[in-house]
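Visitor: Can you read through this structure? Questions will come right after.
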Amino acid sequence: MDRSNGYESISAEWLARRGNSQTRSNAIGVKEVRKWAKALPHGSSVIDLGCGPGFPLTAVLVEEGLQVFGVDGSPSFVAAFQHNLPGTPIVCESVLESRFFGRTFDAVLSIGLIFLLKAEEQHRLIRRFADALVPGGRLLFTSTAQPHVWNDLMTGMESISLGGEEYRRHLSAVGLSVTSEYEDEGQNHYFEALKADPNA
């Protein structure tokens, strides 16, 4: 089983194009993730699922003073992450099988990941999002707003978006409500969600 969803095989090319400090300041998604991170209380715990080498997005979380943890299935990306963000915990595990450090988090970030999984695996990941969050916890992930099937530009592997309506339905079923949706200049569609807090 390829825990990296095809990204280990193209890791050298990806690292050269996107996963280094020289390309990260103006990379697509940095502005959106920074805005989301700034809205979290200082010191909040965040797990970045499919974090890659830590650049460009995980580094934003660290810069904003959050307590960050990473999960990625590519050994090459994990090695680069350890070099790029020394001292930030990371595990080389599938997001579907990871123990998530045996804890829950104030927030979950998952950019460019969910649509790499089969539909039934996406349902499982949404359940895992909810399980990983504390009550009142926040989620940010990307997929297309409309249902869509395409081949990933770099890996050539099939990608599947369930579409906004389906994502909202599955999120709601596990106690997560979508609070905001928007797109960046690369036309990536973001879903922000909040886990219900029965004590609020």
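The values are calculated or read from the model by the stated rules, or taken from the named source; none is laboratory data. On a predicted model such as this, the values are computed, not experimentally measured, just so you know. Note that we place each Cβ from the backbone using ideal geometry, even for glycine, and neighbour counts take in every protein chain shown. With ligands, DNA and RNA removed, areas are computed over all heavy atoms of the protein, side chains included. Shrake-Rupley method; radii C 1.70, N 1.55, O 1.52, S 1.80 Å.
Visitor: Tally time: how many residues in segment 148-168 are of a type outside the set (K, R) and not in a loop (DSSP other than H, G, I, E, B)?
Guide: Kept after step one, since they are of a type outside the set (K, R), are these residues of segment 148-168: 148-167.
If we keep only those that are not in a loop (DSSP other than H, G, I, E, B) as well, we get 148-151, 158-161, 164-167.
Within segment 148-168, residues that are of a type outside the set (K, R) and not in a loop (DSSP other than H, G, I, E, B) number 12.
Visitor: What is the residue count in segment 121-167 for residues that are touching a Pro at 6+ places or on another chain (Cβ under 9 Å) and among the acidic types (D, E)?
Guide: Residues in segment 121-167 being touching a Pro at 6+ places or on another chain (Cβ under 9 Å) and among the acidic types (D, E): 2 in total.
Visitor: Here's something else I'd like to know. Those residues that are surrounded by 19 or more Cβ atoms within 10 Å (Cβ to Cβ) and outside any loop (DSSP other than H, G, I, E, B), I need them from segment 81-91; list them, please. Let's see the steps before the verdict.
Guide: Taking segment 81-91 and keeping what is surrounded by 19 or more Cβ atoms within 10 Å (Cβ to Cβ), we get 81, 84-85, 88, 90.
Answer for segment 81-91, where residues must be surrounded by 19 or more Cβ atoms within 10 Å (Cβ to Cβ) and outside any loop (DSSP other than H, G, I, E, B): F81, N84, I90.
Visitor: I've got another one for you. Scan F105, F101 and give me the residue that is more than 15 Å from V60 (Cα to Cα), touching a strand residue (DSSP E or B) at 6+ places or on another chain (Cβ under 9 Å), aromatic (F, W, Y) and open to solvent by 40 Å² or more (accessible area, probe 1.4 Å).
Guide: Of the residues listed, the single one that is more than 15 Å from V60 (Cα to Cα), touching a strand residue (DSSP E or B) at 6+ places or on another chain (Cβ under 9 Å), aromatic (F, W, Y) and open to solvent by 40 Å² or more (accessible area, probe 1.4 Å) is F101.
Visitor: Would you be able to tell me the number of residues in segment 39-55 that are of a type outside the set (A, V, I, L, M, F, W, C), more than 14 Å from F81 (Cα to Cα), touching a strand residue (DSSP E or B) at 6+ places or on another chain (Cβ under 9 Å) and assigned to a loop (DSSP other than H, G, I, E, B)?
Guide: Keep residues of segment 39-55 that are of a type outside the set (A, V, I, L, M, F, W, C), which gives 41-45, 48, 50, 52-54.
From what is left, the residues that are more than 14 Å from F81 (Cα to Cα) are 41-45.
Narrowing further to those that are touching a strand residue (DSSP E or B) at 6+ places or on another chain (Cβ under 9 Å): 41, 43-45.
This time we only want the ones that are assigned to a loop (DSSP other than H, G, I, E, B), so: 41, 43-44.
Summing the residues that are of a type outside the set (A, V, I, L, M, F, W, C), more than 14 Å from F81 (Cα to Cα), touching a strand residue (DSSP E or B) at 6+ places or on another chain (Cβ under 9 Å) and assigned to a loop (DSSP other than H, G, I, E, B) in segment 39-55 gives 3.
Visitor: Across segment 113-132, what is the number of residues that are hydrophobic (A, V, I, L, M, F, W, C) and under 22 Å from T155 (Cβ atoms)?
Guide: From segment 113-132, those hydrophobic (A, V, I, L, M, F, W, C) are 113-117, 119, 125-126, 129-130, 132; that's our starting set.
This time we only want the ones that are under 22 Å from T155 (Cβ atoms), so: 113-117, 119, 125.
The qualifying residues number 7.
Visitor: While we're here: Any chance segment 129-142 includes a residue that's open to solvent by 60 Å² or more (accessible area, probe 1.4 Å) and modelled with pLDDT under 95?
Guide: So the first thing to find is which residues in segment 129-142 are open to solvent by 60 Å² or more (accessible area, probe 1.4 Å), and the list is 131, 135, 138.
Imposing the further condition that a residue be modelled with pLDDT under 95 reduces the set to none.
Looking for residues that are open to solvent by 60 Å² or more (accessible area, probe 1.4 Å) and modelled with pLDDT under 95, one finds none in segment 129-142, hence no.
Visitor: Cβ contacts < 8 Å: first residue within 23 Å of R169 (Cβ to Cβ) and among the acidic types (D, E), restricted to segment 182-195; second residue crowded, with 18+ Cβ neighbours inside 10 Å and at pLDDT 95 or above, any location; separation 6+ or different chain. Result?
Guide: E183/H189; E183/Y190; E192/W36; E192/R138; E192/L139; E192/L140
Visitor: Okay, next question. Which one is most open to solvent (accessible area, probe 1.4 Å) among residues in segment 44-57 that are under 21 Å from D131 (Cα atoms) and in contact with a Leu (Cβ under 7 Å, 6 or more places away or on another chain)? Working first, answer last.
Guide: Let us first name the residues in segment 44-57 that are under 21 Å from D131 (Cα atoms), namely 44-51.
Filter once more, keeping what is in contact with a Leu (Cβ under 7 Å, 6 or more places away or on another chain): 44, 46, 48-50.
Values: S44: 9, V46: 0, D48: 7, L49: 1, G50: 26 Å².
So the residue we want is G50.
Visitor: Anything in segment 96-135 that is over 25 Å from Y182 (Cβ atoms), basic (K, R) and either in contact (Cβ under 8 Å) with a residue 60 or more places away in the chain or part of a helix (DSSP H, G or I) (or both)? List them, or say none.
Guide: The answer is R124, and nothing else.
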